[in-house]
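J.: This is the structure, below, for whatever I ask next.
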Amino acid sequence: MSVSRDPLTHRRRAPDSAWSSVTSWFLQKHDYEWMREFQNSRPSGKIVRIIVALSMINISAMSFTSLFAIGGPTGTAATALTLTLCTVNLIIAALWVLRPFPGRLGVVSFAIYSDLGVAAALSVLDLRNALLGCVLYAVIGAFVTFFLSPRWVVAHLIFASGIAIGFAVAIYVRGDMDTITLLVQTDVVLLGIMSVPVTSHIFLTTLSADARSSALDPLTGLLNRRGLDAALEDLWPRGRREGQCAAVIVVDIDNFKSVNDIHGHDEGDAVICRVAERLTTHVSRYGVLGRTGGEEYLAAVVTSRLHIDALIHGIRRALHGEGDSVPVTVSVGAAILYAESHLWTTGSDTVNTASRVADSMMYEAKASGGNRVVTTLI
């Protein structure tokens, strides 16, 4: 579980222009892996998959019913296309129910198929029915809004709007509808397609950024105490699995006050960030890492019994750099829980207990002169 974050800046920036804000929104990275892990680790993820599956089943049912409706598909080719799309939709619906929430390739492929599939299904309908049927793109837009990047949102909107406008132009050329009615219907369809996805995506990404920043330390980009509490809810139960163990590790920079006194606070901040980066590299594959105080860090890791000691005792070496302008040492304290530890079943707050013990071990290491590791089983 990776917890590396981009450091945030302390300095105030001038308010961004509207165009730069839109550009920033459009270019921002979308964390597909985080979304996949989040959906697969929450009960709500299964509900989302069921909703998507039901939507596909509903679209299949409407497509099949259109075969018997006035203005529906006519001819062998149109009927075959409609039945093929219905069958594929039902298969995809089953996969949404039976399989975990997909990663980037899965959600992007599903969105592309949905856009193209709707266009194909509408193409065999009467033009007036096809124009009204473009409101289905609003349903696809909801999925794209929640689970894809801003660039895919824009691509979806351009494609869906182009299809709707294409049907409207065809209706106008054929004279199947008076101009005013056509303009009104086209405007309603385009509003349904475009307005909700754009405003919702901007709102959701802004809200998500605010939520994430409230869980991060502004200097290092590591999790703060609030962020650690949330992350540990997912990580900690894995330590009870057979052959695994969990550990809470407290790392404190030795004599950090002298770094600030001799080299200044800017250099002190640089040391804090350097230690954070190296700790992230060393432990992030196995758990979560946060900054819990001025020069103190807390990591919670889950790994095998054979590996846990090497991981903990390797911290001092991982933080050492030959070319460091301000070399520092650290004191490390760790509390290790095997799967059979009685703390898992006592009903006590296991994480807080392990954190207090690890903190005590860290102070024991400091009292012994620092630059050492002290561990204990609990």
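J.: Criterion first (among the aliphatic types (A, V, I, L, M), at pLDDT 70 or above and open to solvent by less than 60 Å² (accessible area, probe 1.4 Å)) does Ala215 satisfy it?
T.: no
J.: Filter region 102-124 down to the residues that are outside any loop (DSSP other than H, G, I, E, B) and more than 20 Å from the chain's Cα centre (by Cα) and list them by number.
T.: Residues satisfying the conditions are Ile112, Tyr113, Ser114, Asp115, Leu116, Gly117, Val118, Ala119, Ala120, Ala121, Leu122, Ser123.
J.: Go through Val275, Val283 for me and flag whichever is more than 19 Å from Ala339 (Cα to Cα), free of Cβ contacts under 8 Å to residues at least 40 places away in the same chain and buried (at least 21 other Cβ atoms within 10 Å of the Cβ).
T.: Residue meeting the stated conditions: Val283.
J.: Sort out for me the helices (runs of 4 or more DSSP H) sitting completely within region 13-101 that have 1 or more residues that are under 30 Å from Ala130 (Cα atoms).
T.: It comes to 43-66, 76-98.
J.: Also, quick follow-up: Look at region 229-257 and say how many of its residues are modelled with pLDDT under 85 and not in a strand (DSSP E or B).
T.: Residues that pass the stated criteria total 15.
J.: Can you pull out every residue in region 132-152 that is touching a Ser or Thr at 6+ places or on another chain (Cβ under 7 Å), free of Cβ contacts under 8 Å to residues at least 60 places away in the same chain and among the aliphatic types (A, V, I, L, M)?
T.: Scanning region 132-152 gives a single hit, Ile140.
J.: How many residues does region 32-45 hold that are closer than 23 Å to Gly141 by Cβ and surrounded by 14 or more Cβ atoms within 10 Å (Cβ to Cβ)?
T.: 6
J.: Right, another one. Can you name every residue in region 263-314 that is in contact with a strand residue (DSSP E or B) (Cβ under 9 Å, 6 or more places away or on another chain) and among the acidic types (Asp, Glu)?
T.: Passing the criteria: Glu295, Glu296, Asp309.
J.: Take Ile272 and tell me if it is in a helix (DSSP H, G or I), aliphatic (A, V, I, L, M) and touching a Cys at 6+ places or on another chain (Cβ under 7 Å). Please lay out each step first, then the result.
T.: Details: in a helix (DSSP H, G or I): yes; aliphatic (A, V, I, L, M): yes; touching a Cys at 6+ places or on another chain (Cβ under 7 Å): no.
For Ile272, the condition - in a helix (DSSP H, G or I), aliphatic (A, V, I, L, M) and touching a Cys at 6+ places or on another chain (Cβ under 7 Å) - is not met.
J.: Now, a different point. Please work out which one of (1) under 24 Å from the mean Cα position of the chain (by Cα); (2) open to solvent by 50 Å² or more (accessible area, probe 1.4 Å) is the condition Phe143 fails and give its number.
T.: (2)
J.: For region 171-186, what are the residues that are open to solvent by less than 80 Å² (accessible area, probe 1.4 Å) and assigned to a helix (DSSP H, G or I)?
T.: Those that are open to solvent by less than 80 Å² (accessible area, probe 1.4 Å) and assigned to a helix (DSSP H, G or I): Ile171, Thr179, Thr181, Leu182, Gln185, Thr186.
J.: Restricting to strands (runs of 3 or more DSSP E) lying wholly in region 292-378: which have 2 or more residues that are touching a Phe, Trp or Tyr at 6+ places or on another chain (Cβ under 8 Å)?
T.: 296-304, 330-338
J.: Go through region 254-269 residue by residue and tally those that are touching a residue at least 12 places away in the same chain (Cβ under 8 Å) and either of a type in the set (Val, Ile, Thr) or in contact with a Cys (Cβ under 7 Å, 6 or more places away or on another chain) (or both).
T.: Going residue by residue through region 254-269, those that are touching a residue at least 12 places away in the same chain (Cβ under 8 Å) are 254-256, 259, 263, 267-269.
Those still in the list that are either of a type in the set (Val, Ile, Thr) or in contact with a Cys (Cβ under 7 Å, 6 or more places away or on another chain) (or both) too: 259.
Qualifying residue count for the region: 1.
J.: Filter region 324-378 for residues that are within 13 Å of Val250 (Cα to Cα), open to solvent by 40 Å² or more (accessible area, probe 1.4 Å) and under 33 Å from the mean Cα position of the chain (by Cα) and give the result.
T.: Once the filter is applied, which keeps residues that are within 13 Å of Val250 (Cα to Cα), open to solvent by 40 Å² or more (accessible area, probe 1.4 Å) and under 33 Å from the mean Cα position of the chain (by Cα), region 324-378 yields Asn352, Arg356, Asp359.
J.: Among the residues of region 153-170, is there at least one that is in contact (Cβ under 8 Å) with a residue 60 or more places away in the chain and either out of contact with any helix residue (DSSP H, G or I) (no Cβ under 7 Å at 6 or more places or on another chain) or part of a helix (DSSP H, G or I) (or both)?
T.: There is at least one residue in region 153-170 that is in contact (Cβ under 8 Å) with a residue 60 or more places away in the chain and either out of contact with any helix residue (DSSP H, G or I) (no Cβ under 7 Å at 6 or more places or on another chain) or part of a helix (DSSP H, G or I) (or both).
J.: Would it be correct to say that Gly264 is farther than 19 Å from Ala246 by Cβ, exposed (fewer than 15 other Cβ atoms within 10 Å of the Cβ), under 30 Å from the mean Cα position of the chain (by Cα) and not polar (S, T, N, Q)?
T.: no
The values are calculated or read from the model by the stated rules, or taken from the named source; none is laboratory data. Computed from a predicted structure; not experimentally measured. Glycine gets a Cβ as well: all are built from the backbone with ideal geometry, and neighbour counts include every protein chain shown. We work out accessible area using only protein heavy atoms, side chains counted, and drop any ligands, DNA or RNA first. Shrake-Rupley method; radii C 1.70, N 1.55, O 1.52, S 1.80 Å.
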